[in-house]
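Everything below concerns the one structure shown next.
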């Protein structure tokens, strides 16, 4: 990759970081919460129903207790909600309206950053 092309990609990334800083409308997530939230978002985007048990059983995310603790934190921070299912023992995971709005803003930042690079 040429030096100019690398610079353009770095410019896009820096512009994205600058734009994303302006939309911190929900509490910050720690790295594990981000990983869990990413997994939830991808599954829901694929129209997969996702329960607490489904997420806590993903061994790559850590122990079930740790993941459950982080799910509670995601609820407290306003990123996800949990709703009852027909089986009262299982809880369905959903993105909150605030999280959906946040993801829309992030997407807009990506598009804007890629469409407008700095000259220099």
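What follows is calculated from the coordinates using simple rules that are stated; it is not laboratory data. Model, not experiment: these values are computed from the prediction. All Cβ positions, glycine included, derive from the backbone under ideal geometry; neighbour counts span all protein chains shown.
A few points about this structure:
- Descending by average beta-carbon neighbour count within 10 Å, the peptides 32-39, 53-60 line up as 32-39, 53-60, the highest first.
- With Cα atoms, 0 to 90° folded angle of helix 3-21 axis to the chain main axis: 50 degrees
- Overall Cα dimensions of region 26-76, principal axis frame, Å, largest first: 25, 25, 17
- Fully extending the segment from residue 23 to residue 44 would add 5.3 nm, taking 0.36 nm per residue of separation and subtracting the current Cα-Cα distance.
- At R0 = 41 Å, FRET efficiency that the Cβ-Cβ distance of residue 59 and residue 81 yields, to 0.05: 0.95
- Calculated FRET efficiency for the pair residue 90/residue 114, C-beta based, R₀ 35 Å, to 0.05: 0.30
- Cα pair distances of the chain binned at 10 Å [whole percent]: 12, 36, 27, 17, 7, 1
- Sites residue 3 and residue 66 - FRET efficiency at Förster radius 41 Å, r taken between beta-carbons, to 0.05: 0.40
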